[in-house]
Amino acid sequence: MEFTLMDLGLLFAMILIFIGSFVQSAIGFGLAIVTAPLLFLISPNYVPGPIVIVGLFLSIINAYKYKASVSFRGLGYAFLGRIPGSVCGGFLLYYVDAKLLSLWIGIVVLLAVAVSLLPFRIEPNNSRMTVAGFFSGLFGTSSGIGGPPMALLLQHQEANLIRANLSAFFVVSSFISLVVQVPAGYMSMSHLYLTLPLLPASYIGYLVAMKVVDKIDKDTIRKVSLVMCSISGIAAILLALT
């Protein structure tokens, strides 16, 4: 029985979601950064709606697992910034075409990589959480990549606290993004159907991460993820420019 290009595309998409879910479950974020540019190359319909749905699914699982470590201190200010940021992201989706969206995704991914490599420490406070929430909304709604601004502020917290608070934030913020994406035309029943095969791959990625997360150096996972992100971000930009 021969595979069609559609079958191969779906298989590749599931593999990407598995890898991204593994990374996010291991270090707290990374699903969209790892997967968005390459998923866009498979089909623009995967971005941003289906990625946001998968991110919501995975965040619910991780938030429940680490519920004892969730601290809502400061998250309220992040949500305050998230709402207008999501609205701006929705307007961006409404006015850009596929090539501009590919370029935007590539730029956001490379910015996320650059931010992850910053050598200095930024302490979270109310105003910074609000700003991070805004850009998380802007990037998350328009490209599905909303994790880096929040991860930058929370990256020096204890590991379980990072996973817990980022997951709790992503649960609420993903709902906001999905609501904004509907009128922009990037969230419909067809996007939902496209997402369904990806959810088992995401859950398997989570399960594997839980089995090996304490046995693998998280710094190694982070470095490999950044290399993957850089390659996929550059690929998205080249696609937009060709």
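Only one of Tyr66, Tyr94, Tyr46 is modelled with pLDDT under 90, open to solvent by less than 70 Å² (accessible area, probe 1.4 Å) and either in contact with an Asp or Glu (Cβ under 6 Å, 6 or more places away or on another chain) or of a type outside the set (A, V, I, L, M, F, W, C) (or both); which? Result of the check over Tyr66, Tyr94, Tyr46: Tyr66. Apart from one condition, Ala168 fits all of (1) open to solvent by less than 10 Å² (accessible area, probe 1.4 Å); (2) of a type in the set (Gly, Ala, Ser); (3) over 12 Å from the mean Cα position of the chain (by Cα); the exception is (1).
Whenever a residue of the range 42-65 is within 17 Å of Gly90 (Cβ to Cβ) and in a helix (DSSP H, G or I), its partners that are open to solvent by less than 20 Å² (accessible area, probe 1.4 Å) and small (Gly, Ala, Ser), lying with C-beta atoms within less than 6 angstrom and at least six residues away or across chains, give the pairs Ile51/Ala32; Ile51/Ala36; Ile51/Gly144; Val52/Gly144; Val52/Ser174; Val52/Ser177; Gly55/Ser174; Leu56/Ser174. In the set (1) exposed (fewer than 12 other Cβ atoms within 10 Å of the Cβ); (2) of a type in the set (D, E, K, R); (3) in contact (Cβ under 8 Å) with a residue 60 or more places away in the chain, the condition left unmet by Arg222 is number (1). Just a yes or no: is a residue in the range 125-142 buried (at least 24 other Cβ atoms within 10 Å of the Cβ) and of a type in the set (Lys, Arg)? Scanning the range 125-142 turns up no residue that is buried (at least 24 other Cβ atoms within 10 Å of the Cβ) and of a type in the set (Lys, Arg). Tell me, which residue of the range 69-91 that is among the hydroxyl-bearing types (Ser, Thr, Tyr) and not in a loop (DSSP other than H, G, I, E, B) is most open to solvent (accessible area, probe 1.4 Å)? Checking each candidate, the answer is Tyr77. Looking only at residues in the range 176-201 that are part of a helix (DSSP H, G or I) and of a type outside the set (A, V, I, L, M), the one that is surrounded by the most Cβ atoms within 10 Å (Cβ to Cβ) is Ser177. Screening the range 24-43 for residues that are modelled with pLDDT of 85 or more and more than 17 Å from Gly233 (Cα to Cα) and picking the one that is farthest from the chain's Cα centre (by Cα) gives Ala26. Whenever a residue of the range 111-126 is under 16 Å from Gln157 (Cβ atoms) and part of a loop (DSSP other than H, G, I, E, B), its partners that are at pLDDT below 85 and open to solvent by 80 Å² or more (accessible area, probe 1.4 Å), lying with C-beta atoms within less than 8 angstrom and at least six residues away or across chains, give the pairs Arg121/His156. Considering only residues in the range 195-229 that are closer than 30 Å to Leu100 by Cβ and more than 15 Å from the chain's Cα centre (by Cα), the one that is modelled with the lowest pLDDT turns out to be Val224.
Within the set Ala236, Ala240, the sole residue that is hydrophobic (A, V, I, L, M, F, W, C), closer than 23 Å to Gly9 by Cβ and in contact with a Phe, Trp or Tyr (Cβ under 7 Å, 6 or more places away or on another chain) turns out to be Ala236.
Here Trp104 meets each of (1) closer than 20 Å to Val171 by Cα; (2) modelled with pLDDT of 90 or more; (3) of a type outside the set (Gly, Ala, Ser) with one exception, condition (1).
The values are calculated or read from the model by the stated rules, or taken from the named source; none is laboratory data. This one's a predicted model, so the numbers in the text were calculated from it and none came from an experiment. So basically every Cβ, Gly included, is an ideal-geometry build from the backbone, and we count neighbours across all protein chains shown. For accessibility, only protein heavy atoms count, side chains too; no ligands or nucleic acids. Shrake-Rupley method; radii C 1.70, N 1.55, O 1.52, S 1.80 Å.
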